[in-house]
Amino acid sequence: MKILIVEDEPKVAAFLKKGLEESHYEADLAYDSSFAEKLAGQYKYNLFVLDIIIPGIGGLELCKRIKSLHPNVPVLMLTALGTTEDKLAGFDAGADDYLIKPFEFRELLARVKVLLKNADQPRETGNKLVVADLELDLDRKAARRGASYIDLTAKEYSLLEYFMRNEGRVVSRNDIAEKVWDVSFDFETNVVDVYINFLRKKIDKGFDKKLIHTKVGFGYLFGVMS
């Protein structure tokens, strides 16, 4: 499990990172909103821990932006601002939980465990998979990106579902062939690449943020990258 800590107080940030890593989590640090937003767009995290008062756009706006990219990845607000109005502002921004400073680390750890337990990765909301602004309706077998509905063939649908269920993970051509075509990959054929190009034209063409990325020598990665 990978956690991004956004905290501009070096001692607090180091304390959190050390405690989480000792509890067997992987933890990255960002001291300002700009770097945090970059990391959130580049890497896959299972949880975000945000302070509200940080350099740049601030924790509330950062939370909104993170939630627009990763709607179902939980956010824990960690701040000294503890009034009811402050908490409501945090929840309105998309926070899933709110912890007031000062705190005991064991309480933070307990909240982290609950948030991670309740989080569904890959992100599945009811009968839908959601990645950024792309939504796949599993019941209707229908895809939509933003306001645009996407017409998919049966094989394109299966390929897209596989990608979305493996968001943020590099998958090889062999992985795709086995899971989508149910066969071992034939290195003499380019059928996987052909269908990925078909899918690219349908879900990425015309959008600033591309979701299908080629990792030369490895395969493909699906998700938002900076």
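Remarks
- Any hit, region 91-99, residues being open to solvent by less than 20 Å² (accessible area, probe 1.4 Å), in contact with a Pro (Cβ under 8 Å, 6 or more places away or on another chain) and either not aromatic (Phe, Trp, Tyr) or not in a helix (DSSP H, G or I) (or both): no
- Close pairs from region 15-38: first among the hydrophobic types (A, V, I, L, M, F, W, C), partner in a helix (DSSP H, G or I), Cβ under 7 Å, at least 6 apart: ALA27/LYS17; ALA27/LEU20; ALA27/GLU21; LEU29/ALA13; LEU29/LYS17; ALA30/ALA36; ALA30/LEU39; ALA36/LEU62
- As for region 29-52, it holds at least one residue that is hydrophobic (A, V, I, L, M, F, W, C), out of contact with any Asp or Glu (no Cβ under 7 Å at 6 or more places or on another chain), modelled with pLDDT of 90 or more and open to solvent by 50 Å² or more (accessible area, probe 1.4 Å).
- Restricting LEU115, LEU78, LEU108, LEU62 to residues that are part of a helix (DSSP H, G or I), modelled with pLDDT under 90 and touching a Leu at 6+ places or on another chain (Cβ under 7 Å) narrows the list to LEU115.
- Looking at region 137-226, the strands (runs of 3 or more DSSP E) lying wholly inside it that each contain 2 or more residues that are in contact (Cβ under 8 Å) with a residue 40 or more places away in the chain and surrounded by 15 or more Cβ atoms within 10 Å (Cβ to Cβ) sit at 142-145, 219-222.
- Any chance VAL131 is under 25 Å from SER68 (Cα atoms), touching a Gly at 6+ places or on another chain (Cβ under 7 Å) and free of Cβ contacts under 8 Å to residues at least 60 places away in the same chain: no
- Test: VAL224 is aliphatic (A, V, I, L, M) and at pLDDT below 90: yes
- Filter result (touching a strand residue (DSSP E or B) at 6+ places or on another chain (Cβ under 8 Å) and either of a type in the set (Gly, Ala, Ser) or free of Cβ contacts under 8 Å to residues at least 40 places away in the same chain (or both)) within region 39-48: LEU39, ALA40
- Residue match in region 71-78 (condition: of a type outside the set (Ser, Thr, Tyr), out of contact with any strand residue (DSSP E or B) (no Cβ under 8 Å at 6 or more places or on another chain) and either in contact (Cβ under 8 Å) with a residue 12 or more places away in the chain or open to solvent by 40 Å² or more (accessible area, probe 1.4 Å) (or both)): no
The values are calculated or read from the model by the stated rules, or taken from the named source; none is laboratory data. Please read all numbers here as calculations on a predicted model, not as lab measurements. Heads up, the Cβs are rebuilt from the backbone with ideal geometry, glycines too, and the neighbour counts pull from every protein chain shown. Side chains are part of the model used for accessible areas, which takes the heavy atoms of the whole protein and leaves out ligands, DNA and RNA. Shrake-Rupley method; radii C 1.70, N 1.55, O 1.52, S 1.80 Å.
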